[in-house]
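The values are calculated or read from the model by the stated rules, or taken from the named source; none is laboratory data. These figures come from a predicted structure and were not determined experimentally. As a convention, Cβ positions derive from the backbone with ideal geometry for all residues, glycine included, and neighbour counts pool all protein chains shown.
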Amino acid sequence: FSQTVSEIVDEESSDGRILEAPNLKVFTFAEMKTATKSFNTLLGEGGFGKVYKGWLDEKTLAPSKVGSGMIVAVKKLKQESVQGLLEWQSEVNFLGKLSHPNLVKLLGYCWEDKELLLVYEFMQKGSLENHLFRRNPAVEPISWETRLKIVIGAARGLAFLHLSEKVIYRDFKASNILLDGNYNSKISDFGLAKLGPSGGDSHVTTRVMGTYGYAAPEYIATGHLYVKSDVYGFGVLLLEMMTGLRALDTKRPDGQQNLVDWLKPTLSHKRKSKSLMDARIEGQYSSKAASLTAELTLKCLEHDPKNRPSMTEVVEALERIES
Ligand code: ADP
């Protein structure tokens, strides 16, 4: 299985145009129009296109009537985006081959004339970012227990990528984590994923792409991407989950531009870490859980990638906090 993954076409080493995803269904555009009732219900909008609700027969994956069969999410790419096309190919090549309970399931795709679409399992609660930072006041705050469940799921997904598949995800952030109806978390969006180095602590060198606020310092400075660069992004997510503050927001009370630079010194005073926790979930966590989470977060945010834990170690540490 990992051998097939290592044959994945990389956008920086070949023309990236070969699609190799035998398990995926190839849809026609007409089928997609029927399944989404001509793109009638918008679920969300991202950088490269819009996501619509659709209905497919569970067994045959043929379009079905509204309200019957299974609900799917259909992402329709903006036609003019070259980067979008590359990321679409990367999504098919990686996600089309990977299967894990904490990775969103890609069911198929459509590539017809200029129409590029991706069909995913439906994630009822949408992206973690929408829940954590509640732009919509109707969204309930997520409890401490649920926050732990969400990060553990995402950590398991990353650990699987690192360990079984030698894949570096590269763009780990709250908006790329989707939640099902029971707050099970799944990683989506493999547009920037890369095959990792064969040796443990070595790196691949690549163009710097990703998201400000989450990208690891060594990667921003040198373009050297380590498996442990993902662990840094995970540390940023832990920080967001604890504090309810958003890494992408640039205006902070003391003028600091970066959430990590701002909070890291405070986090190391273990006594204070409880007061850093999101006031909206006040009272739901123990001092012990708060200080253990703060400790783990600091380890993930270590400047030198070698000093960060592996994602497998992160999963173990989070499971200990949960129990
Ligand atoms: P981005 O470019 O921010 O990564 P996407 O294009 O992947 O965003 O998705 C945009 C929005 O569409 C998400 O924030 C989410 O609300 C919704 N969405 C994406 N995929 C799914 C899915 N599988 N199920 C339900 N909603 C989804």
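Here are a few things to note about the model shown:
- Matching residues in the range 270-311 - criterion: being loosely packed, with under 15 Cβ neighbours inside 10 Å, touching a residue at least 60 places away in the same chain (Cβ under 8 Å) and part of a helix (DSSP H, G or I): 280, 306
- Considering the range 67-92, the residues that are among the charged types (D, E, K, R) and buried (at least 21 other Cβ atoms within 10 Å of the Cβ) include one that is modelled with the highest pLDDT, namely 75.
- All positions within the range 113-128 that are part of a loop (DSSP other than H, G, I, E, B) and buried (at least 16 other Cβ atoms within 10 Å of the Cβ): 122, 123, 125
- Residues that are more than 9 Å from the ligand (Cβ to nearest atom) and surrounded by fewer than 21 Cβ atoms within 10 Å (Cβ to Cβ) within the range 129-143 comprise 133, 134, 135, 136, 137, 138, 139, 140, 141, 143, listed in sequence order.
- Some residue of the range 5-18 being outside any loop (DSSP other than H, G, I, E, B), away from the ligand (no atom under 16 Å from the Cβ) and modelled with pLDDT under 80: yes
- Hey, residue 85 more than 15 Å from the ligand (Cβ to nearest atom), among the hydrophobic types (A, V, I, L, M, F, W, C) and in a helix (DSSP H, G or I) or not: no
- Residue in the range 100-109 that is more than 12 Å from the ligand (Cβ to nearest atom), surrounded by 14 or more Cβ atoms within 10 Å (Cβ to Cβ) and not in a loop (DSSP other than H, G, I, E, B) present: yes
- Residue selected from the range 40-66 under the condition within 15 Å of the ligand (Cβ to nearest atom) and hydroxyl-bearing (Ser, Thr, Tyr), by the criterion surrounded by the most Cβ atoms within 10 Å (Cβ to Cβ): 52
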